[in-house]
1. Tell me which residues, restricted to region 57-108, are of a type in the set (S, T, Y) and either open to solvent by less than 30 Å² (accessible area, probe 1.4 Å) or at pLDDT below 95 (or both).
2. How many residues, within region 109-128, are open to solvent by less than 20 Å² (accessible area, probe 1.4 Å) and part of a helix (DSSP H, G or I)?
3. Give region 128-164 a look and list any residue that's among the hydrophobic types (A, V, I, L, M, F, W, C) and either closer than 18 Å to A91 by Cα or touching a strand residue (DSSP E or B) at 6+ places or on another chain (Cβ under 7 Å) (or both), or say none.
4. Looking at region 122-136, is at least one residue closer than 24 Å to S80 by Cα and either among the aromatic types (F, W, Y) or at pLDDT below 95 (or both)?
5. Restricting attention to region 13-44, report how many residues are of a type outside the set (F, W, Y) and in contact with a Lys or Arg (Cβ under 8 Å, 6 or more places away or on another chain).
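The values are calculated or read from the model by the stated rules, or taken from the named source; none is laboratory data. Because the structure is a prediction, the values reported are computed rather than measured. Cβ atoms come from the backbone with ideal geometry, glycine included; neighbour counts cover every protein chain shown. To get the accessible areas, we keep the full protein, side chains included, count just its heavy atoms, and leave off ligands, DNA and RNA. Shrake-Rupley method; radii C 1.70, N 1.55, O 1.52, S 1.80 Å.
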Amino acid sequence: MSTRTAAGTAAPNRREQILREAARLFAERGFHGVGVDEIGAAVGISGPGLYRHFAGKDAMLAELLVGISERLYEGGRQRSERAGAEGLTPAAALDSLIEGHIDFALDDRELITLHDRELDRLREADRKRVRKLQRQYVELWVGAVRALYPGLTELEARVSVHTVFGLLNSTPHLSGTSALPGRNTTAALLHRLARGALAAASPAADPAYGEGGPGQPR
């Protein structure tokens with residue numbers, strides 16, 4: 001579930017509106033700091049009217065956190081498959097994964113905050129589902145990283161991937177920073193930082209990543 005509405009896309013339905021506002025309010029005030037009535041008021045319906053769409057706040061939280069894990073993994077899988085089908089270089093394949101995660105990090109910051117604060121509130125089955133999807137998503141990245149940096153061990157690649165996720169997922173902390181650059185500039189900066197961190201982990205130089213940016217020769 002994305003909390004943004006892209007230009008030219010259909011307006012979100014009522015269920016999507018509820019999830020979007022729930023994500024915003026949970027991120028701002030914490031799960032226990034938000035009542036059903038407040039979520040309902042944010043979308044223009046009574047609190048009890050929410051129960052036509054969700055069993056309660058727990059169900060909203062589960063759909064938000066399981067849903068974003070599913071979307072990240074599925075998006076990464078599709079990008080990896082497309083890279084293979086189109087014969088992209090290892091550098092281009094990794095860049096595609098980075099770009100997809102940056103979109104998430106910039107456009108769904110509320111969900112990053114929710115995951116960090118509220119994951120343990122999910123029932124065990126939902127929490128296990130999230131963890132499984134996250135492991136699968138990490139493995140997509142590990143494969144892409146080792147294809148570009150074959151000198152990295154599997155463990156080194158996995159540690160590097162988790163480190164880059166921590167870097168990219170720091171975007172909720174940028175909201176209080178003054179004079180932030182525009183979205184495109186921020187995305188390009190995050191991309192350079194991610195590729196730079198991965199290159200630094202490699203025992204060999206990255207021949208596909210020069211000073212000019214991804215894909216530029218030295």
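1. Of everything in region 57-108, those that are of a type in the set (S, T, Y) and either open to solvent by less than 30 Å² (accessible area, probe 1.4 Å) or at pLDDT below 95 (or both) turn out to be S69, S96.
2. Restricting attention to region 109-128, the residues satisfying the condition of being open to solvent by less than 20 Å² (accessible area, probe 1.4 Å) are 111-112, 114, 118-119, 122.
Okay, now just the ones that are also part of a helix (DSSP H, G or I), so 111-112, 114, 118-119.
The number of residues fulfilling the criteria is 5.
3. Matches in region 128-164: V138, L140, W141, V142, A144, V145, A147, L148, L152, A157, V161, V164.
4. Within region 122-136, none of the residues are closer than 24 Å to S80 by Cα and either among the aromatic types (F, W, Y) or at pLDDT below 95 (or both).
5. At the first step, the residues of region 13-44 found to be of a type outside the set (F, W, Y) are 13-25, 27-30, 32-44.
Restricting the remaining residues to those that are in contact with a Lys or Arg (Cβ under 8 Å, 6 or more places away or on another chain) gives 22, 27, 30, 34, 36, 39, 42-43.
Final tally of qualifying residues: 8.
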